[in-house]
Amino acid sequence: MQLGRVTGTVVATVKSEGLEGFKFLVVQPLNKQQEPVGRPVIAADAVYMAGPGELVYFVASREAAEALEPRFVPVDHAIVGIVDQVMT
Amino acid sequence: MQLGRVTGTVVATVKSEGLEGFKFLVVQPLNKQQEPVGRPVIAADAVYMAGPGELVYFVASREAAEALEPRFVPVDHAIVGIVDQVMT
Amino acid sequence: MQLGRVTGTVVATVKSEGLEGFKFLVVQPLNKQQEPVGRPVIAADAVYMAGPGELVYFVASREAAEALEPRFVPVDHAIVGIVDQVMT
Amino acid sequence: MQLGRVTGTVVATVKSEGLEGFKFLVVQPLNKQQEPVGRPVIAADAVYMAGPGELVYFVASREAAEALEPRFVPVDHAIVGIVDQVMT
Amino acid sequence: MQLGRVTGTVVATVKSEGLEGFKFLVVQPLNKQQEPVGRPVIAADAVYMAGPGELVYFVASREAAEALEPRFVPVDHAIVGIVDQVMT
C-alpha cells in the first residue's frame, strides 16, 4: 500500500460495465515527508468515507479488486484506509 | 486507474490468438495538470466508444482483462471510462 | 522481493473490511548499499515479529496476500522475512 | 501493452520447468517517437513469427501467460502482435 | 523477464510460512549493455543451480510463483534461466 492524499473526484458518464456503483477519487501519492511525488492515480473508494483533503492509504494492482464488492471488477487502485497518524 | 488521452490507433495484422475482436488505442498518461508524462501505452477499448483526442481513464495489469468479454485474454491495459470532468 | 528497513507504524481507525487483524508498517526500500531509495510503502507484517529499525525483505503485488491468513485481502505489500545478513 | 522493437535472442540451456518450448526475444520498449526508452525486457514470442528488427507490442505481468499454451508458465512478458502501422 | 546478475545470497532466520525450502539470491537488473541499472531484487532460485556471478533472467510479479513447487507462495521474483548468450 502507499500513502496518498485525496485531491479530487472524477466524473464519468461512459464507464465500463461493472463500475457503475463506485466512487472514483483522484489520489496523489506522497513521499516520507508526505510531499506529493509521482503521478496521481484514480482509485475506487473502498472505505466509502474518503473525501478530498484526507490522508489515505491505497492498494494497487490485482489486490485492489479484493477490497470491493463484487470482486471481479476492472479496478486496479482502491483506498483501503483513512490514516489517523503515522508514527515514526 | 490513471488519466490519459487517446492519441492514436494501432494497426496489426499478426496478433496473438484471442485479440481479434478488440480495438487497440495509443493512450498517453497524464499528470495532475493533464500534461503528458511517461511512455504511451497500448490499451484495449473496453467502453467501445473511445477515440483519438478523448480524455479517458484506464486500468492496468491483471484487472484490465476483467473489463473485456471474454475475460481470459492477454491484455494488460484497458480504457474503462471516458472522463467528463475532474473536480478538484 | 526487495530489501527494506521498517521506519514506522500506521494508525488507521477507518479501514476496508478484512484488514482489521493486520499490523501495517512503513517500509523504506533500500538499494545495494542499503541506502534509502524511492518512496516508502505500507506493508502488512506477515512474520508477526517485524518492528521499526529492522532490515526486512518484502513481497509486492498479488503475492503479498499469499503471505497472509486469510488470503483474500486487499493487501499488496507484505514483509516476509527479517534479514540476518546479506552475503555478497 | 507497450510498443517495442525486437533487438535480439536469448540462448539459455538451463531453464525453469515449463519454459522448454518457448522462444525468448530481447525487446526494447519505445516512446511515442518510437525511440528506445528504459530497460529491455525478455519476452516470450506468442505470435510465433516475431524476429529481430520488427516493431511489436507486448503484454506484461500476469496477462502474458494468457497468451501462451499451456497457460501456467512463469512468463511475465509476451509479444502479442506485430505492428503494421501506428495511426496518430 | 529481465536480465540480471546474481550478486549475493540472503540469510534470514525469521521467514513467512511457506518460504522455508527456498534459496533467495540478490539479483542486480542489467541494461542492454549488461550494466547495472535500478535496485537489486531478491529472487527465489527456480532453476536450483544459480549462484553468485551468473547471468540469469528472472520473472517478476504473479508469475514468479508459477516457477516454484508448491505454487502458492509469497514470492514475486524468481530466476527461471541461466543465460549462455544474448545474440543481437
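Rounded to the nearest 100 Å², what is the sum over both chains of accessible area buried where B meets A, with a probe of 1.4 Å?
Working: alone 5790 and 5780 Å², together 9230 Å².
Separately minus together, B and A give about 2300 Å² buried.
Distances from D:Val11 to the same residue in each other copy, label points 7 Å out along Cα→Cβ, in nm, shortest first?
For D:Val11, the other copies' label points sit at 3.8, 3.8, 6.2, 6.2 nm, shortest first.
So if R0 is 35 Å, what FRET efficiency would D:Val14 and A:Val37 give, r being the distance between their Cβ atoms, rounded to the nearest 0.05? The partial results should precede the final answer.
Values: r = 40 Å, r/R0 = 1.15.
My answer for the efficiency is 0.30.
When chain D is modelled as a GNM with alpha-carbon springs shorter than 10 Å, which of D:Val73, D:Val47, D:Val11 fluctuates the most?
D:Val11
If I compute solvent accessible area with a 1.4 Å probe over the protein chains, what percent of it on the protein assembly as shown is carbon and sulfur?
C and S fraction of accessible area: 53 percent.
Looking at chain B, I'd like the Rg to Rh ratio, where Rg is from alpha-carbon atoms and Rh is Kirkwood's inverse mean 1/r.
Expressed as Rg/Rh, it is 0.96.
From the label point of B:Met87, set 7 Å from Cα along Cα→Cβ, how far away are the matching label points in the other copies, in nm, ordered shortest to longest?
3.7, 3.7, 6.0, 6.0
Report, for D:Gly38, each distance to the same residue's label point in the other copies, shortest first and in nm; define the point 7 Å along Cα→Cβ.
0.8, 0.8, 1.3, 1.3
Output ³J(HN,Hα) for the stretch A:37-50: one whole-Hz value per residue in order, computed from phi by the Karplus curve 6.51 cos²θ - 1.76 cosθ + 1.60 with θ = phi - 60°, and x for Gly and Pro.
For the stretch A:37-50, the Karplus curve yields 8, x, 7, x, 10, 10, 10, 6, 8, 8, 9, 6, 9, 7 Hz.
Add +1 for every Lys or Arg and -1 for every Asp or Glu among the other residues with Cβ under 11 Å from the Cβ of B:Leu55, and state the total.
-1
Rounded to the nearest whole Å², what accessible area per residue is found for the stretch C:2-82 with the 1.4 Å probe?
On the way: 2960 Å² over 81 residues.
Result: 36 Å² of accessible area for each residue.
From the phi of every residue in the stretch D:79-88, what ³J(HN,Hα) in whole Hz does the Karplus formula 6.51 cos²θ - 1.76 cosθ + 1.60 yield, where θ is phi - 60° and glycine or proline is x?
Karplus values, whole Hz, x for Gly and Pro: 7, 10, x, 9, 7, 7, 6, 10, 8, 10.
Residues with amide H under 5 Å of A:Thr7's amide H, sequence separation 5 or more or different chain, H placed in the peptide plane at 1.01 Å from N; which?
A:Val26, A:Val27, A:Gln28, A:Gly53
Ignoring the sites themselves, what is the longest stretch of chain D with no chymotrypsin sites (Phe, Trp or Tyr not before Pro) in a DSSP loop and at most 12 other beta-carbon atoms within 10 Å?
Free of exposed loop sites, the longest segment is D:1-47.
What GluC sites (Glu not before Pro) does the stretch B:1-87 have in DSSP loop regions with at most 16 other beta carbons within 10 Å? Spell out each step's value before the answer.
On the way: sites: B:Glu17, B:Glu20, B:Glu54, B:Glu63, B:Glu66; in loops: B:Glu17, B:Glu20, B:Glu54.
Filter output for the stretch B:1-87: B:Glu17, B:Glu20.
The values are calculated or read from the model by the stated rules, or taken from the named source; none is laboratory data. Just so it is clear, the model here is predicted, and its values are computed rather than measured. Note that each Cβ is placed from the backbone with ideal geometry, even for glycine, and that neighbours are counted across all protein chains shown. Accessible surface areas use protein heavy atoms only, side chains included; no ligands, DNA or RNA. Shrake-Rupley method; radii C 1.70, N 1.55, O 1.52, S 1.80 Å.
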